[in-house]
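The values are calculated or read from the model by the stated rules, or taken from the named source; none is laboratory data. The model shown is predicted, which means the values in this text are computed figures rather than measured ones. All Cβ positions, even for glycine, are placed from backbone atoms using ideal geometry, and neighbour counts span all protein chains on display. These accessible areas exclude ligands, DNA and RNA; they are computed on the full protein's heavy atoms, side chains included. Shrake-Rupley method; radii C 1.70, N 1.55, O 1.52, S 1.80 Å.
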Amino acid sequence: APTINSYADALFPEHIDGAAVVPWLRGVLADGERVGFVMMAEVTERHPDPYLWRLLVGRLHQRRGLGARIMELVVERVRAQGHARLVTSYEVGPGGPAGFYARLGFIPTGNISDGEIETALTL
């Protein structure tokens, strides 16, 4: 989804399992240039695992290792909070992120979330 949709999702978060999702979002700079965006759903009483909601790296900045570096920082943050896993989901298709997440150690959970493959990284 485009970044603008992410802002809308953050301002008007959906309710899952009877509770609003709590967004955490950051822009990503590299070499002083805006290159990406990351957004997570924070852990709450009803949402026990941190969820990587969006990871976007601009087309001109892809294939430079930035996505992997962003994920290192996200995992560092999640570990520091004491969580045991990080969950995300993605659509399957050409140019999709399945290989990227697999290389990072994410394993499909067997669940489908809004038509997307759910995958988790054990920390």
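Considering the conditions (1) within 19 Å of Val75 (Cβ to Cβ); (2) at pLDDT below 90, Val43 is excluded by exactly one of them, (2). Out of Ala30, Ala1, Ala10, I need the residue that is surrounded by 16 or more Cβ atoms within 10 Å (Cβ to Cβ), more than 24 Å from Thr122 (Cα to Cα), within 15 Å of the chain's Cα centre (by Cα) and not charged (D, E, K, R). Which one? After ruling out the rest, the residue left standing is Ala10.
In the stretch 61-68 there is no residue that is exposed (fewer than 14 other Cβ atoms within 10 Å of the Cβ) and in contact with an Asp or Glu (Cβ under 7 Å, 6 or more places away or on another chain).
Of the residues making up the stretch 99-112, those that are surrounded by 10 or more Cβ atoms within 10 Å (Cβ to Cβ) and either assigned to a strand (DSSP E or B) or modelled with pLDDT under 95 (or both) are Ile107, Pro108, Thr109, Asn111, Ile112. From the list Val22, Val87, Val75, Val35, exactly one residue is in contact (Cβ under 8 Å) with a residue 12 or more places away in the chain, hydrophobic (A, V, I, L, M, F, W, C) and over 26 Å from Asn111 (Cα atoms). Which is it? Answer to the check: Val35. Checking the stated criteria, Val35 turns out not to satisfy the condition of being among the β-branched types (Val, Ile, Thr), closer than 20 Å to Ser113 by Cβ and open to solvent by less than 30 Å² (accessible area, probe 1.4 Å). Only one entry of Glu72, Glu42 meets the criterion of being in contact with a strand residue (DSSP E or B) (Cβ under 6 Å, 6 or more places away or on another chain) and of a type in the set (Asp, Glu), and that entry is Glu42.
Matching residues to (1) open to solvent by less than 40 Å² (accessible area, probe 1.4 Å); (2) at pLDDT below 95; (3) within 12 Å of the chain's Cα centre (by Cα); (4) farther than 22 Å from Glu116 by Cα:
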| residue | (1), (2), (3), (4) |
| --- | --- |
| Val21 | yes, yes, no, no |
| Leu73 | no, no, yes, yes |
| Glu76 | no, no, no, yes |
| Thr88 | yes, no, yes, no |
